[in-house]
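Step one of this worksheet: look at the structure below.
The values are calculated or read from the model by the stated rules, or taken from the named source; none is laboratory data. Just so you know, these numbers come straight off a predicted model, no measurement behind them. Because the Cβ atoms are built from the backbone with ideal geometry, glycine has one as well, and the counts that use them run over all protein chains shown.
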Amino acid sequence: MKLYALPAVIFVLGSCASMSSDNPDSLNFEIPSGSTLSLNKPLTISDGKTHTYIQSNAQSTEKKVNRYEINCRLDFKKFGPRTIEPEVFRITRTEDSQEWYSYPTIKRFWTTVYLASDKDTDVIKLDCEYWGDGTDRNFTVTEMQQSLGELMTFTFPATKKDKGSTDQGAK
């Protein structure tokens, strides 16, 4: 092989390397298999609604939520009025994305966390988002946790680096 081709080969092989991270503060953090999301306080689902909003450690409504700050919508199958009691939900998968809401001024950044219940609660997903512009970026799991506050908390399974620890929460 010619020596001048070596940098190109190193670049191609390096670009195939995974950029995932074990740190919830990183944009490259992927919520690992076996993670959970705990609802720590009861939430009220309004009459005729199948969801509720959470922002800045408080339950909110669609009309009161500030779209330019991280806000989360917890979705269920059945209509309210009703109360959702504290429970630990299994995270089955996640998706991150972005799209222009109103080009070129408003861009929507979101993360969807799909949930399952061992108590037959009809939970579907937690959809967190905020509106920004073309210079903004998606948010980290830690930033999402800050918006959820004490109402809901993530717990991640121990990694090999944790040595004896049983979980790694995003607090």
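Listing for the model above:
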item	result
Verdict on Asp127 being charged (D, E, K, R) and not in a strand (DSSP E or B)	no
Yes/no for Ala8 being in a loop (DSSP other than H, G, I, E, B), loosely packed, with under 11 Cβ neighbours inside 10 Å, out of contact with any Gly (no Cβ under 8 Å at 6 or more places or on another chain) and modelled with pLDDT under 95	no
Members of region 44-54 that are assigned to a strand (DSSP E or B) and closer than 24 Å to Glu95 by Cα	His51, Thr52, Tyr53, Ile54
Count of residues meeting criterion [of a type outside the set (Ser, Thr, Tyr), touching a residue at least 60 places away in the same chain (Cβ under 8 Å) and part of a loop (DSSP other than H, G, I, E, B)] in region 58-104	3
Candidates Glu99, Glu150, Glu85, Glu62 - the one that is more than 23 Å from Lys41 (Cβ to Cβ) and either modelled with pLDDT of 95 or more or exposed (fewer than 15 other Cβ atoms within 10 Å of the Cβ) (or both)	Glu99
